[in-house]
Amino acid sequence: MPDYDLVIRNGTVVTAADTQHCDIGIKDGVVATLGRGLPAGRARSTASGKLVLPGAIDSHCHIEQKSSAGVMCADDFYSGTVSAAFGGTTTVIPFAAQHRGQSLRQVVEEYHEAAGPKAVIDYAFHLIISDPSEQVLGQELPALIRDGYTSFKVYMTYDLLRLNDRQMLDIMALARREGAFMMVHAENHDMISWLAERLLEKGLSAPRYHAVSHARVAEGEATNRAVALAQLLDVPLLIVHVSAPRRST
């Protein structure tokens, strides 16, 4: 019996530590050996003249996710993961998005049902929390964290997603207690809404005015507020979609 399921020969193998010219022996989907002159496997591939790199991890993407307005992403889990694989990405971490009134546990189950039959690479999920009810904070989210869903995202803008400061503090406190990690989409909702209404009143509805309505100061103010909330509870925080050069002071 061959020792390996697949042997990739004569590649320039790049690891986190160094670069070397060698063969790669793969067994049960795992890199088992790096070395020269490895015995034959059930299958083989030649990488002469090529770099052999670890697969990339896309840690923030949106696949087969319905927005709060009911619009579905263009990519489903088949097209999205096939595209990722062709680009050298072997793991994706999209979002399992809760909308108001939904059970967080049921949301996760539905996303697995969508991804399981179609994904061609490894995947995991971040959570999106838009309805931190007593049931969600008291039971569902702690249980999901213990099941391995240890990162989640909240929004400070968008009518059907945004949380207030008190709700964010509740979730931060839970994250600290359970050892989870929180991401924040930080923009001042009222600033954006105020600007958007006045642009629309003037008939300025072309796509480029979306950027005008999302003023840099709106991001800076919300980022500053999110950081202050995190400092109050001494919890780590990731601010996503950063587009302004600095937070407000």
The helix 189-201 Cα axis meets the longest alpha-carbon principal axis of the chain at an angle in degrees, between 0 and 90 and rounded to 10, of 70
Counting alpha carbon pairs within less than 8 Å and at least 6 residues apart, what relative contact order, in whole percent, applies to the range 80-218? 19
In nm², what is the average projected area of the convex hull enclosing the Cα atoms of the range 137-226? 6.7
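Which loop trypsin sites (Lys or Arg not before Pro) in the range 67-153, with loop taken from DSSP, have no more than 13 other Cβ atoms within 10 angstrom of their Cβ?
R100
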Of M168, M72, M156, which is the most mobile in a GNM of the chain whose springs link Cα atoms less than 10 angstrom apart? M72
Pairs of Cα atoms under 8 Å, at least six residues apart: use those to get the relative contact order of the chain, whole percent. 12
Find which of I192, Q231, V212 sits farthest along the positive direction of the dipole of the range 103-249, computed with +1 on the beta-carbon of Lys and Arg, -1 on that of Asp and Glu, about the Cα centre. V212
For the range 208-248, which semi-axes, largest first and in whole Å, follow from the square roots of 5 times the eigenvalues of its Cα gyration tensor? 23, 9, 7
Anchor K118: aspartates and glutamates whose Cα lies under 16 Å away (excluding residues fewer than 8 positions away in-chain): E64, D75, D76, E109, E110
Net charge dipole size for the range 30-129 [Lys, Arg +1 and Asp, Glu -1 on Cβ; Debye, nearest 20]: 460
Dipole magnitude of the chain about its Cα centre, charges +1 at Lys/Arg Cβ and -1 at Asp/Glu Cβ only, in debye to the nearest 20? 660
List the lysines whose alpha-carbon lies under 16 Å from that of K153, not counting same-chain residues fewer than 8 positions away? K66
Can you match percent of Cα pairs over 33 Å apart to one of these, [x] 37; [y] 30; [z] 11, based on a calculation from the structure here? [x]
Could you state the angle between the C-alpha long axis of helix 165-178 and the longest principal axis of the C-alpha atoms of the chain, as a value from 0 to 90 degrees rounded to the nearest 10? 30
Using only the alpha-carbon atoms of the range 37-82, report the extent along each of the three principal axes, biggest first, to the nearest angstrom. 57, 20, 15
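How high is the relative contact order of the range 1-101, in percent, counting Cα pairs under 8 Å that sit 6 or more residues apart?
For the range 1-101, the relative contact order is 25 percent.
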Between helix 216-233 and the chain: long-axis angle, C-alpha atoms, 0 to 90°, nearest 10: 80
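Every number in this text was worked out from the coordinates using simple rules, so none of it is lab data. Bear in mind the structure is a predicted one, so any value in this text is a computation, not a measurement. Note: ideal-geometry Cβ built from the backbone for every residue, glycine included; neighbour counts use all protein chains shown.
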